[in-house]
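What follows is a single structure, written as structure tokens, with notes after it.
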Amino acid sequence: MRELNRAPSVAAEAALRGCCGSHRWARRVAAHRPYPTVDALLAAADEAAYDLTSGDLAEALAGETTTPLPDRGGLTVHTALRAAYAAYEAKFGHSFLIALDVSDPAAALDQTLASLRERLGHDEDEETVVTAEQLRRIWRARLLRLAGAAGSPDRAGSITPGLPRGTEPTSRRYDGRGRWTVPGRA
């Protein structure tokens, strides 16, 4: 935490961008330094997250990387996850994100599949709110690690099922209007 408070603005923003891909969020959090406590840092990060525009959220989503789910649960579970993941991405135009609070791989699979199924029932506005909240929770966990807070999670990030074996990832581009496009698709 001391290093974040003492770092030059550019370095602090770069470190914060490792937590959240939004330039605006990183600038706002860096601008309010020094933080007397980790709780003050988290409060400022939450406030900055709640003020993000749809463009800021899209920028943050573009910066997210996926962490594959553990290779447990059998073929049926992974097939169901891949199908739900593909349906989610087709419906909402971005990767599925979830901040998991469990360390048991079997529970992570169950929680992910249940969340995917529930969130596929959302309309676009509902899902935007849920995705923003999941992102906020992921960023908080990363901030705890950055600040060196005791008891911070070992890992935080978006968790998605891997691509089916033998398939290639699709390239996606942000169109600048809050939507992701896949070249060659209408």
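The values are calculated or read from the model by the stated rules, or taken from the named source; none is laboratory data. Keep in mind that this is a model prediction, so the values were computed, not measured. Glycine also receives a Cβ, built like all others from the backbone with ideal geometry; neighbour counts cover every protein chain displayed. Keep in mind that these areas ignore ligands, DNA and RNA; they rest on the heavy atoms of the full protein, side chains included. Shrake-Rupley method; radii C 1.70, N 1.55, O 1.52, S 1.80 Å.
Tabulated values for the structure
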quantity	calculated
Unmet requirement for residue 78, which otherwise passes all of (1) under 22 Å from residue 50 (Cβ atoms); (2) over 18 Å from the mean Cα position of the chain (by Cα)	(1)
Checklist (1) surrounded by fewer than 16 Cβ atoms within 10 Å (Cβ to Cβ); (2) modelled with pLDDT of 90 or more; (3) closer than 30 Å to residue 41 by Cβ applied to residue 136, failing item	(1)
Any pair with Cβ under 8 angstrom, 6 or more apart, that starts in the stretch 113-138 at a residue that is farther than 20 Å from residue 101 by Cβ and among the aliphatic types (A, V, I, L, M) and ends at one that is assigned to a helix (DSSP H, G or I) and open to solvent by 20 Å² or more (accessible area, probe 1.4 Å)	120/87; 120/91
Unmet criterion (only one of (1) modelled with pLDDT of 90 or more; (2) open to solvent by 60 Å² or more (accessible area, probe 1.4 Å); (3) closer than 21 Å to residue 116 by Cα) for residue 88	(2)
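Yes/no per residue for (1) more than 15 Å from the chain's Cα centre (by Cα); (2) modelled with pLDDT of 95 or more; (3) surrounded by 18 or more Cβ atoms within 10 Å (Cβ to Cβ):
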{"site": "2", "(1), (2), (3)": "yes, no, no"}
{"site": "16", "(1), (2), (3)": "no, yes, yes"}
{"site": "21", "(1), (2), (3)": "no, no, yes"}
{"site": "25", "(1), (2), (3)": "no, yes, yes"}
{"site": "28", "(1), (2), (3)": "yes, yes, yes"}
{"site": "41", "(1), (2), (3)": "yes, yes, yes"}
{"site": "51", "(1), (2), (3)": "yes, no, no"}
{"site": "58", "(1), (2), (3)": "no, no, yes"}
{"site": "65", "(1), (2), (3)": "no, no, no"}
